[in-house]
Each structure stands twice: as C-alpha cells, then as structure tokens.
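Worksheet for the structure shown next.
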Amino acid sequence: MKKFIPALLFLSLGAYFFFYAYSNRNVASFLWGVGFFLVTINLLSLYFKNTLVIFITIIFTLALVENILAFLPQLQAKKANGPSAYFDASQTYNTPGYSHLGQFGSQPQFGSYTAKKMASAQETIYDVVITIGQDGFRVTPRYDLPSNLVIQNTSNKNFKRFNFLGDSFTFGEGVQDNQTMPYYFGELGNTTFGPLYVKNYGIHGWGMQQALAILQSQIDTKADLQFALTAPWHASRSACADPFSLGSPKYKLLANGLVERDGYCRSFAWVEHSPKALRALITSSKIFNLIQDSLLVTNDQDEQIRLYLGIMKTMQENIKLKSQKLIVGFIKADENWFMGSYSNEKMMAALKSSGIDVIDMTLAAKNEDLPHKYYLHELDKHPTAAANIERVKILIDNLIK
C-alpha cells in the first residue's frame, strides 16, 4: 500500500504538468509530465525498471534543457531592458484558439477577440477588441470589401479599391478596429477619392514575403493601389530567421535580382503534416527552434537584406504586369539595428532603384527620435492611432501629388 502513495503523488504531478502544457503550449511542462508519468509506471511495475530509468533520465534532461533555453532570453532581456510587457490572463488574443497555420503562415481565425497588454499590474498598455473576418484578415469597419462582392474591373467608377499589406503595424496591434491605417485611409480617402473599399492584409509577425505570396495567390487582390508598409526588420522574416516565421512562404534570390518561391520557412515536411495539437507542441519547443536555426536559417544580415530587396523588386514587377500601382511606406529601424554594410538610407535607395515609389513614414528624422505620441508605450513600440492618422495623411498627400 505504501508504494501507491508516492505513485499517486507523481501521477498527480504528471497530470498537472500535462494540463499546463496543453493550456500554455509549453513543451518543458509536457516533458515533465511524461517524466512523472514514467516514474509512476516504474514504481508500480515489476518489469523493465532499468530501461524506464534510462528513459526517465533522458526525458527529465530534455525538460531541463527546455526550461533553460526558455529562461535565458528572459534573463538577458531583464538585464538589457529592465521590465517587459505581458498579456493579461483574461484576454483571448494570443492564445491557442486565436491562430492557425494557413497557406501564408500563422494567421488568425474568424471571430472577435479581446487583447489586453500590461506594463505592470497597475498599468495597462492597451485593452482593445480585434475583429477577424471569415477570410482570416482583420475587418475594416465601413470600408472592408464585402465578401460577396466580385470585382470585375478596378476602373469601375462606383468605387476604388486599396489594399494594405504588411505586419502588425498595418494590422493595428494595440488599437481598435476603427483606429488602424486602413480604417483612417477609408475615412480620409473617401472624401478625396470618392467611394472606396480598403482591405487590411497585415498580420502580426508577417513580412514582405507574405505580401508577395498574397499577390501571387488565387485571392482576388485587384486594386487601384497596393500599399505596403515595411521596415528593415522585415529582412530577417524574409530569410526565415525568426522562430515565428515557421510555415511562412519561403523565397530564394535569383541571379537577376528577382525571387522565386522555394517552399515554406523552417520547414520539415513531417512537422507540417502533423495534427495541429502535435505541430503546435513541436514548434513551441526551444530545442526544436535551436535545430531549425542551425539547419534552415541564413544569419548573415546583408544576405537577408538582399533577399528582402529581391522580394520587393519581384512585387513591383508583378504589380506592373497587372497595370497596378505599388507604393511602399518605409519605417526606419534604429541605426544600431544594422550589423552589416546596409543602412536605412541604403535600403531606401535600393528600393527606389527598382522603380518603387518609396515614402519615408518614420515620422521622425531617426527612429530613435520618434515622439512618444506615435508609439503605445516604452515597452511596446507599435503605432498609436495618432501615428496611423499621420501616415495615412502622408500617403494621401503623395497620391494627390
């Protein structure tokens, strides 16, 4: 009877860790749960005890490595930057039910979600509601393209269509549905250009590789203007260097400076074809991400930027072939972000040399000098509603000229 008491204790610990792993996509907790479950079996079993001890040792070692790999970046961030922001436990955004792995990478699922980010228990950075349409993109109230509308001709004088491509800045991280760049363009552009539709194709963590993939996809993207909001840090996303780029469209640079599709970022076919729950667990593993970084990622920043510029050049060529217009809004990175031969100015010059209409939308001479009213918080530099309005005004002025 005595051996059942510790067995029950270890079984309870295993069940707790399994529940925590499921709730938080935590691989270390999953491994601790497996380890304690095997300990329970070993206590009750009469056979294979030595073999089980070997497996238990391996599992616990992997769990410990996972914990260390997860803790190190947090420790470095605290040393470098002090406190960090975090999401409130009650919100529904940034949870397992919010996103899925689609044809363009991680993408939200249809529905309405609450997003609440905290600087501390007493200070809220933002508390907003995010509405995702049936196509997996954020809704732009009043100006979104109706799902039942089929555009036969973009020259239809009854309306004009404008597409916004980009990442969380375009999506509107931290602002309401009616405070995003696409929404303000609808509000201000409607007066200038007449009736219009505005589509928001920006998603958190995306880059210009997703923008190009969308334009090359079967999605109806015909428009009077394709506007892409971009920044130098999109280069690492284009090169699959960021862990969250898993499943994103992957491109390779050709000799002529253009790119062609080359599968998916950080791709192991067996992972992509795994059930969703298993895939989410595997791709959350710090050990798995370390293996991916070693085998599937280009870390040279100049190479990353050259690939990014190739993606932008290809986007320009594709849009020109469709007799459409591309405008790129460029937001400068901090000058210490660059580690190779490029700079903000050199990247903008390279984009312009490809025939792309580039607008500086940094809202300051240097990103380091950006006024506080244009970003949410020192712990979250996503644009405020005021920044979105200013950038829309710059875009409209450019279009009028």
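The values are calculated or read from the model by the stated rules, or taken from the named source; none is laboratory data. None of the values given here were measured: they were computed from a predicted structure. With ideal geometry, Cβ positions are generated from the backbone for all residues, glycine too; neighbour counts draw on all protein chains shown.
Please tell me if Ser354 is buried (at least 16 other Cβ atoms within 10 Å of the Cβ) and over 25 Å from the mean Cα position of the chain (by Cα). Walk me through it before giving the result.
Numbers: buried (at least 16 other Cβ atoms within 10 Å of the Cβ): yes; over 25 Å from the mean Cα position of the chain (by Cα): yes.
Criteria met by Ser354.
Residues that are crowded, with 19+ Cβ neighbours inside 10 Å and in a strand (DSSP E or B) within the stretch 96-112 comprise Ser99, Gly105, Ser106, Gln107, Pro108, listed in sequence order. Listed by position, the helices (runs of 4 or more DSSP H) contained in the stretch 125-234 that have at least 2 residues being over 20 Å from Leu363 (Cβ atoms) and of a type outside the set (Phe, Trp, Tyr) are 181-193, 208-216. Starting from the stretch 42-61, take each residue that is assigned by TED's automatic domain parsing to the domain that holds Gly14 and within 18 Å of Phe30 (Cα to Cα) and list its partners that are in a loop (DSSP other than H, G, I, E, B) and not aromatic (Phe, Trp, Tyr), counting only C-beta distances under 9 angstrom and pairs at least six apart or across chains. Listed by first residue and then by second, the contacts come to Leu52/Ser45.
On the given criteria, is Tyr93 among the aromatic types (Phe, Trp, Tyr), modelled with pLDDT of 80 or more and in a strand (DSSP E or B)? Talk me through it step by step, then tell me what you get.
Working: among the aromatic types (Phe, Trp, Tyr): yes; modelled with pLDDT of 80 or more: yes; in a strand (DSSP E or B): no.
No, not satisfied.
Taking the stretch 181-222 as the search range and keeping residues that are among the β-branched types (Val, Ile, Thr) and farther than 15 Å from Leu145 by Cβ, which one is surrounded by the fewest Cβ atoms within 10 Å (Cβ to Cβ)?
Here the residue is Thr191.
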